[in-house]
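Colleague: For reference, the structure I am asking about is given below.
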Amino acid sequence: MNQQINPDLQTVTAVTHWTDRLFSFRVTRPQSLRFRSGEFVMIGLPGDNGKPILRAYSIASPAWDDELEFYSIKVPDGPLTSKLQHIQVGEPIILRPKPVGTLVHDALKPGKRLWFLATGTGFAPFASLLREPETWEKFDSVVMMHTCREAGELAYGRKLVEDLQNDPLIGELVEGKLHYYPTTTREESRYTGRITDNLANGTVFADLGLDGPLTAERDRAMVCGSLAFNKDVAAVLEGFGLEEGSNSAPADYVIEKAFVGDGI
Ligand code: FAD
Ligand code: A2P
C-alpha cells in the first residue's frame, strides 16, 4: 500500500520509547491537513481482516509543525496499541484527516493565567498547546500540572518543557511565563500528590509562589485525563467559580477525555 492507493496513509518518521508503557512517534503530515493546536484525529493500522483498527489520538505537535507527533500508551492486549507499539520508522500508518476537539483556544474566554491539567497521556494535547504561539500571546502565564503514578512516566513531558526554552520559535515567548508542576502519586519525587488535592488545598500555589486561589476573572483551564480525573477536576474548578466552555459557547474551562476507560 502507498499514499497513492490510500490517501489516508502516512509514513512514520521517528519513534521514541519513554517507558515500557509509553512511547511517542512522528509521522508525515498530509499537505491538506489543517488543525487547531489541542485537537485530536483518528489514527490506526490495518487489522488482521484488512479492516482498519482506528482510535482517537490527540495531535501532540503544534499546528505549525511540518510533521505530526503522537504520544501513546502501550496496552499489552489493546487491539491497536499491542501492534502500534512495534511501529518502525518508514512504516505506514492510517490517519483520518478530520481534526476535532474542545481543548482549543477558541473555546475559552480571554483570561490572564492558563492552567493545563493532565494525567498520564493526557499530556498529549498540551504538548501541542505549549508549542503554540497563541498560548503565549493570549496569556500572561501558563501553569502546566502533569501527574503520573511514577516519575519515569513524566519523562516525555519534562523533555518537552525543557526543549521549549531552547525552541527558536517559542523560546522567547515562553520566557518567565511557564510554571511547570510535575507530580507523582505512587513514588516520591520533588512534588507529589493529585492535581485535585494540590489545587484544592493550595499546595501548588505555595510551591510555585503563585497567587491563589483560581478566580473566574483571572484563570482559565484545560483538562485532559481519565473520566474519573476529569469529573473530579471539574468539581474543583466549579468550586472556584469557573464555568465549562465549548467551541460554540466559550467559557472558563474545557475538558477532553484522554481515553475511554473502565469505571464511571
Ligand atoms: P483500547 O481497547 O482502546 O483500550 C483498552 C483499555 O486501555 C481502555 O479500556 C483503558 O482502560 C486503557 N487505556 C486506553 N488508552 C489509555 C491511555 N491513553 N492511558 C491509559 N489507559 C488507557 N491514547 C493515547 O495513548 N494518546 C492519546 O493522545 C490519546 N488521545 C485520545 C483522545 C481522545 C479524545 C480519546 C477518546 C482517546 C484517546 N486516547 C489516546 C486513547 C486511544 O483512543 C486508545 O484507547 C488507546 O490508543 C488504546 O487503544 P487500544 O486499541 O490498544 O486499546
Ligand atoms: P493515584 O495514584 O492517587 O490514583 P491512572 O494511571 O489511574 O490513570 O492515574 C494517573 C494519575 O492520575 C495518578 O497519579 C492518579 O493518582 C491520578 N488520578 C487518578 N484518578 C484521579 C482522580 N479521580 N482525581 C485526581 N487524580 C487522579
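Colleague: Identify, please: which residue in the stretch 164-196 is closer than 29 Å to GLY239 by Cβ and assigned to a helix (DSSP H, G or I) and is, among those, nearest to the chain's Cα centre (by Cα)? Let's see the steps before the verdict.
Modeller: Step one: filter the stretch 164-196 for residues closer than 29 Å to GLY239 by Cβ, giving 177-196.
Among the residues that remain, those that are also assigned to a helix (DSSP H, G or I) are: 195-196.
Working: ILE195: 15, THR196: 18 Å.
So the residue we want is ILE195.
Colleague: For LEU160, which of the numbered conditions (1) within 22 Å of SER37 (Cβ to Cβ); (2) part of a loop (DSSP other than H, G, I, E, B); (3) within 15 Å of ligand 1 (Cβ to nearest atom) fails to hold?
Modeller: So the condition that LEU160 fails would be (2).
Colleague: Please find, among PRO125, PRO110, PRO133, the residue that is touching a residue at least 12 places away in the same chain (Cβ under 8 Å) and within 14 Å of ligand 1 (Cβ to nearest atom).
Modeller: Numbers: PRO110 fails: within 14 Å of ligand 1 (Cβ to nearest atom); PRO133 fails: within 14 Å of ligand 1 (Cβ to nearest atom).
Only one candidate passes the filter, namely PRO125.
Colleague: Out of curiosity, is GLU175 touching a helix residue (DSSP H, G or I) at 6+ places or on another chain (Cβ under 9 Å), more than 16 Å from ligand 2 (Cβ to nearest atom) and assigned by the TED database to the domain that holds CYS148? It would help to see each step written out before you state the result.
Modeller: Values: touching a helix residue (DSSP H, G or I) at 6+ places or on another chain (Cβ under 9 Å): yes; more than 16 Å from ligand 2 (Cβ to nearest atom): yes; assigned by the TED database to the domain that holds CYS148: yes.
So GLU175 fits the description; yes.
Colleague: Given (1) surrounded by fewer than 21 Cβ atoms within 10 Å (Cβ to Cβ); (2) touching a helix residue (DSSP H, G or I) at 6+ places or on another chain (Cβ under 6 Å); (3) assigned to a helix (DSSP H, G or I), identify the lone condition not met by LEU199.
Modeller: Only one criterion in (1) surrounded by fewer than 21 Cβ atoms within 10 Å (Cβ to Cβ); (2) touching a helix residue (DSSP H, G or I) at 6+ places or on another chain (Cβ under 6 Å); (3) assigned to a helix (DSSP H, G or I) is unmet by LEU199, namely (1).
Colleague: All but one of (1) without any contact (Cβ under 8 Å) to a residue 60 or more places away in the chain; (2) part of a loop (DSSP other than H, G, I, E, B); (3) under 14 Å from the mean Cα position of the chain (by Cα) hold for LEU68, so report the exception by its number.
Modeller: The number of the failed condition is (2).
Colleague: Shifting gears a bit: Which of the residues belonging to the stretch 71-84 are assigned to a loop (DSSP other than H, G, I, E, B) and in contact (Cβ under 8 Å) with a residue 40 or more places away in the chain? Quick ask: steps written out before the conclusion?
Modeller: At the first step, the residues of the stretch 71-84 found to be assigned to a loop (DSSP other than H, G, I, E, B) are 74-80.
Of everything in the stretch 71-84, just one residue is assigned to a loop (DSSP other than H, G, I, E, B) and in contact (Cβ under 8 Å) with a residue 40 or more places away in the chain, namely LYS74.
Colleague: Being surrounded by fewer than 15 Cβ atoms within 10 Å (Cβ to Cβ) and either among the aromatic types (Phe, Trp, Tyr) or away from ligand 1 (no atom under 13 Å from the Cβ) (or both) is the filter here; which residues of the stretch 219-264 pass it? Spell out the reasoning first.
Modeller: Residues of the stretch 219-264 surrounded by fewer than 15 Cβ atoms within 10 Å (Cβ to Cβ): 228, 231, 235, 238-239, 241, 243, 246-249, 260-264.
Selection gives LYS231, ALA235, GLU238, GLY239, GLY241, GLU243, SER246, ASN247, SER248, ALA249.
Colleague: Quick check on THR147: is it under 19 Å from LEU237 (Cα atoms), crowded, with 20+ Cβ neighbours inside 10 Å and in contact (Cβ under 8 Å) with a residue 40 or more places away in the chain? Spell out the reasoning first.
Modeller: On the way: under 19 Å from LEU237 (Cα atoms): yes; crowded, with 20+ Cβ neighbours inside 10 Å: yes; in contact (Cβ under 8 Å) with a residue 40 or more places away in the chain: yes.
Taking the combined requirement at face value, the residue satisfies it.
The values are calculated or read from the model by the stated rules, or taken from the named source; none is laboratory data. Since we're looking at a predicted model, the values are computed, not measured. Neighbour counts run over all protein chains shown; Cβ positions are idealised from the backbone, glycine included.
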